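Right, one structure below, let's go through it.
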Amino acid sequence: MTDVATEVLRLAEGWIGTPYRHQASLKGVGCDCLGLIRGIWRELYGQEPERPPPYAPDWAERGGGDRLMEAALRHFGPPLPLVEARPGDVILFRWRPQLAAKHAGILSGERQFIHAYEQAAVVTSPLVPSWRRRISGVFRFPER
């Protein structure tokens, strides 16, 4: 594991227990799944590469496009094959193949990930088959 991946995991674990808050990105105060990734990015690099526009909880259905995937491509580069996923990588999920990616998390082990769970908090969840089959992209934080 690289130094950045080790740091990503350490930082992600520090967000566990942060309450779920739509559009928020403040450790210990509140975040959503995008806010978790944004917060880790800020802790690693000092600032976010861009500020996301306001979005509704159902933004992917209403607005069209694949905005989460497009942002991941802009800032992380091309997606990696799932077989190359390792702890510290960002994983995106889509609920159905034809829908936009709507959820993100940090792979924390071969069979678990850290994410902001709606109506709850940032938690570690098992990467069970129902989650694994919905992975639509694997991305690695850039080296510093």
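The values are calculated or read from the model by the stated rules, or taken from the named source; none is laboratory data. The structure presented is a predicted model; accordingly, all values stated were derived computationally and were not measured. Using ideal geometry, Cβ is built from the backbone for each residue, glycine included, and neighbour counts are taken over all protein chains shown. These accessible areas exclude ligands, DNA and RNA; they are computed on the full protein's heavy atoms, side chains included. Shrake-Rupley method; radii C 1.70, N 1.55, O 1.52, S 1.80 Å.
Here are the numbers for the structure shown:
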read-out: J(HN,Hα) series, segment 3-15, from Karplus relation 6.51 cos²θ - 1.76 cosθ + 1.60, nearest Hz, glycine and proline x; value: 4, 5, 4, 4, 5, 4, 4, 4, 5, 4, 4, x, 8
read-out: With at most 14 other Cβ atoms within 10 Å, longest stretch of the chain clear of loop GluC sites (Glu not before Pro) (DSSP); value: 51-109
read-out: Most mobile of Ile40, Ile16, Ile91 in a GNM of the chain (Cα contacts under 10 Å); value: Ile16
read-out: 222 nm mean residue ellipticity, helices alone, for the chain (DSSP H n ≥ 4; -39,500 (n - 2.57); rounded to 500); value: -9000 deg cm²/dmol
read-out: Charge tally in the Cβ shell below 14 Å around Thr2, where Lys, Arg are +1 and Asp, Glu are -1, Thr2 excluded; value: -1
read-out: Neighbourhood charge, 13 Å Cβ-Cβ cut-off, centred on Pro81 and excluding it, Lys, Arg +1 and Asp, Glu -1; value: 0
read-out: Relative contact order, percent, the chain [alpha-carbon distance under 8 Å, six or more residues apart]; value: 29 percent
read-out: Whole-Å distance, taken between Cα centres, linking segment 10-40 and segment 79-113; value: 17 Å
read-out: Accessible area in square angstrom per residue, segment 1-109, 1.4 angstrom probe; value: 51 Å²
read-out: Loop-located trypsin sites (Lys or Arg not before Pro) in segment 1-90 whose Cβ has at most 15 other Cβ within 10 Å (DSSP); value: Arg21
read-out: Nearest-20 debye value, the chain charge dipole, Cβ charges on Lys, Arg, Asp, Glu; value: 280 debye
read-out: Carbon and sulfur %, accessible surface of the chain computed with the full protein complex present, 1.4 Å; value: 54 percent
read-out: Solvent-accessible surface ranking, highest first, for Leu92, Leu73 at 1.4 angstrom; value: Leu73, Leu92
read-out: Å³ per residue enclosed by the Cα convex hull of the chain; value: 104 Å³
